[in-house]
Amino acid sequence: MRDGYMRDDPLFVAWQAGHRDDPADRASWWRPWLTLMQETTARGVEVRRARVISEPVSDYVQFEYDITFANVASGEHVRWLPRRMATGIALPGNDFWLLDDTVLLVNHFGGDGQFTTEEVVTDPGTVKLCAEAFESVWSRSVAHEEYRPA
């Protein structure tokens, strides 16, 4: 839900310098995370990633958009929701992963976008709030294959 994360990420720094992954050269961009997602989705687990973004997009979000083809290739479903379309959604204050509809892995970032810590949350009320927010975002968002950054 942020417009920028860890701006010292080597992949982002390389992208800023003009590097672009070649979708045809899978060996050059395939990473351990993508292997994990491919193995997970091959077992029949659906992995959905929704990004709430400002438009026009920041350079970091443009970077995310440019490399998302790799997430899709691994089996993830990725959608984009322009922030102007999220006004009626009660959004949690932090990024999270919802696992098996029962556990949240909440990621915390500083004001500069640097990762600070994570926490595991199992409180049913908090899990329900985040699950409902995610479904609201998902239902309003645009599939990666159809979205074009403004």
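The values are calculated or read from the model by the stated rules, or taken from the named source; none is laboratory data. Not measured: the values here are computed from a predicted model. Glycine also receives a Cβ, built like all others from the backbone with ideal geometry; neighbour counts cover every protein chain displayed. The area values use the complete protein model at the heavy-atom level, side chains included, leaving out ligands, DNA and RNA. Shrake-Rupley method; radii C 1.70, N 1.55, O 1.52, S 1.80 Å.
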task: Work the Kirkwood hydrodynamic radius out for segment 12-100: mean of 1/r over every pair of different alpha-carbon atoms, inverted, in Å.
output: 14.8
- line: Spelling it out for ARG51: with amide H atoms placed in the peptide plane at 1.01 Å from N, the residues 5 or more places away or on another chain with amide H under 5 Å from its amide H are ARG79, TRP80, LEU81
message: Per residue, how much accessible surface does segment 1-144 expose to a 1.4 Å probe? Answer in Å², no decimals.
response: 55
task: Could you grab the relative contact order for segment 46-150? Cα pairs under 8 Å, six or more apart, rounded to a whole percent.
output: 33
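Where Lys and Arg each count +1 and Asp and Glu each count -1, what net charge lies around SER54 among other residues with Cβ under 10 Å from its Cβ?
On the way: positive: ARG2, ARG83, ARG84; negative: ASP3, GLU55.
Local net charge: +1.
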- request: Among DSSP beta bridges whose residues both lie in the chain, state the antiparallel percentage, nearest 5.
  value: 70
message: If you roll a 1.4 angstrom probe over the protein chains with everything in place, what fraction of the accessible area of the chain belongs to carbon and sulfur, to the nearest %?
response: 54
- request: Measure off 7 Å from each Cα along the Cα-to-Cβ vector at VAL142 and ARG48, then give the distance between these two points in nanometres to one decimal.
  value: 1.9
query: In whole Å, what are the Cα extents of segment 82-150 along the three principal axes, biggest one first?
result: 34, 29, 23
- prompt: Cα-based Rg of the chain per 2.2 N^0.38 Å, rounded to two decimals?
  reply: 1.06
